[in-house]
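These notes concern the structure reproduced below.
Computed from the coordinates by the stated procedures, all read-outs in this text should not be read as laboratory data. All values reported here derive from a predicted model rather than from experimental measurement.
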Amino acid sequence: MTALRSFVARRLLLGVVQTVAVVLLVFTLTEALPGDAAVALAGDDPDPARIAAIREAMHLDRPAWERLGDWAMGLLHGDLGTSLASGRPVSQYIADGFGPTLLLAALTVAVLVPVGFGLGVLAARHEGRLVDRLISSVTLAVYAVPEFALGVLLVTVFALQLGWLPPTAVGFGTDLLGHPAALMLPVLVLLSRPVCSLARLMRAGMIDALASPYVSQARRYGVTGARIRYAHALPNALAPATQQLARTIDWLLSGVIVVEALYVIPGLGTVLLNAVAERDVPVVQGLAVVFGVLTVALNLGADLVAHRLAPRAGVAA
């Protein structure tokens with residue numbers, strides 16, 4: 001129990017340090033972005049006096065360290081800032097885009113977990129045989145295809161040539177759940193790489209676990225078949241796969257920009273692209289902080305789950 005508490009305390013402290021580092025890094029990088037929101041808002045052929053007035057109204061004329069202090073204090077009180085372009089709270093932008101992104105992520109994970117884990121266990125059970133070689137070859141080939149190229153290919157075949165599915169989500173708004181056909185192609189693209197990496201990692205973990213001394217000892221005691229695989233080997237094989245799943249969920253929530261842009265889905269990726277195009281720094285900063293905190297939280301949770309499944313691996317980490 002003492003070792004577990006020490007492990008949790010160290011991971012929580014590391015998470016706090018990582019979150020602070022994310023805040024500082026986000027502010028530094030957005031300060032280095034090219035362009036000026038005041039110039040963008042001033043329109044074509046802007047008047048220098050108008051630009052100066054806009055900069056003053058947006059507090060862009062203040063030193064960076066003062067703006068960092070105000071922004072950090074706002075974050076501590078749950079205030080992500082206000083959009084320079086529209087004057088709306090950044091939290092509203094995130095709330096508007098979070099639903100479609102979360103829906104895509106949830107559907108992808110719901111398919112990813114059984115398929116990825118199942119393929120990995122199946123390949124490990126048939127190590128070196130035809131089933132294992134087939135699964136390994138297909139997952140390696142699919143993983144090598146970029147998401148954008150796969151998305152274009154799926155649109156060409158299933159939307160333009162066969163006419164089975166809509167090519168984009170245009171016209172459906174944020175009510176994507178009521179139009180499942182519009183979600184099939186995006187989910188397939190989002191699944192392509194994660195299911196391959198999860199299956200290959202699960203295969204390797206199961207093979208290592210089945211060859212471990214504790215499994216050999218269990219066999220000497222007469223334990224065989226499904227009990228060996230699922231009661232003794234699987235928990236230890238799940239530990240690294242769980243951490244990979246956490247990274248995948250993080251990527252699904254914060255890295256779906258290409259898929260949302262390709263299929264015109266009004267999620268967080270689209271909000272981020274629009275904010276960058278408008279030089280709307282507070283929105284970019286708010287989204288980056290949310291993505292960063294999600295990454296820290298998901299990896300922290302995965303570490304705790306992995307430690308629970310395989311305590312020796314967690315302590316060693």
Contour minus Cα-Cα span, Trp164 to Ala144, at 0.36 nm per residue, comes to 4.6 nm
Starting from the amide H of Thr82, placed 1.01 Å from N in the peptide plane, find each other amide H under 5 Å away whose residue is 5 or more places distant or on another chain.
Val90
For the stretch 187-193, what does the Karplus curve 6.51 cos²θ - 1.76 cosθ + 1.60, with θ = phi - 60°, yield as ³J(HN,Hα) per residue in whole Hz, taken in order and with x for Gly and Pro?
5, 4, 5, 5, 6, 3, 7
Along the stretch 143-152, Karplus-curve 3J(HN,Hα) (6.51, -1.76, 1.60; θ = phi - 60°) to the nearest Hz, with x for Gly and Pro, reads 5, 6, 8, x, 4, 5, 5, 5, x, 4
